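Notes follow the structure.
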Amino acid sequence: MIVLPRVLTSDPALASVRLLTCDVDGVLTDGGMYFGPDGLNLLRFHVQDGTGLKMLLSEGVAVCFISQSNNAIIAQRASTLGVPHCFLGVDDKLGPIADLATQLNIGFQDICHIADDVNDLSLLEKVGFPVTVPGGAAKVKDVCRYETKTAAGHGAVRELCEAIITAKNSGN
């Protein structure tokens, strides 16, 4: 029996999140890639996701972008938002996040990862809070604890950030 992820709500368990790792293409973007004569030129990010990530960082939660793409636009977006950890061109995302978790002294049970496709499965299966978006692949939905209501590239990460912040502040 397949159990679909719950719609993301302000679950009190999210209060333990200390690190949010974000896939980029299909999560922070709508998954569209814009090509011109010189190759990939543009990615579309949603401003509300950026604001949500800044709010989360100000709450003391570490944030990381991790992408299979090796695109300088992603690194530029991370820098603009003050996201200190950004891994590009990564096929096996579990390794770099395991190293980062060790460096930050954070256990996998306190990591939330949001992703949409099968190249993130090894990481999603390991973290305490695996999250996907409405357009996520079926195999991803099978392992995720939550699914955002908002589509990728349209504020899904903001929705997740607000859920984490609400959970952290509900105990105060």
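Distance between the modelled labels on K54 and M33, one decimal in nanometres: 3.0 nm (7 Å Cα→Cβ projection). Dividing the summed helix terms, -39500 (n - 2.57) for each DSSP H run of n ≥ 4, by the number of residues in the chain produces a 222 nm estimate of -10000 deg cm²/dmol to the nearest 500. If you take the square roots of the eigenvalues of the alpha-carbon gyration tensor of segment 92-172 and sort them as a ≥ b ≥ c, do you get rounded (a/c under 1.5), prolate (a/b over b/c) or oblate? It comes out oblate by the Cα gyration axes.
On full extension, the segment bounded by D99 and A151 gains 15.7 nm, given 0.36 nm per residue less the C-alpha separation.
Run the reach check for K139 against lysines, Cα to Cα strictly under 24 Å, same-chain hits fewer than 8 apart removed. What comes back? Once the sequence-local lysines are set aside, what remains near K139 is K93, K126, K149. For D116, neighbours were defined as the other residues whose beta-carbon sits under 9 Å from its Cβ, and their charges (Lys and Arg +1, Asp and Glu -1) total -4. Distance from the alpha carbon centroid of segment 127-172 to that of segment 50-104 works out to 16 angstrom.
Let me check I've understood the local charge: for G82, count other residues with C-beta under 14 angstrom from its C-beta, Lys and Arg +1, Asp and Glu -1. What total comes out? Overall, the nearby charge balance is 0. Counted over the chain with a bin width of 5 Å, the fraction of Cα pairs per bin, in whole percents, is 2, 9, 19, 24, 23, 15, 6, 2, 1, 0, 0.
Bear in mind these aren't lab numbers, they're just calculated from the coordinates by the rules spelled out. All values reported here derive from a predicted model rather than from experimental measurement. So basically every Cβ, Gly included, is an ideal-geometry build from the backbone, and we count neighbours across all protein chains shown.
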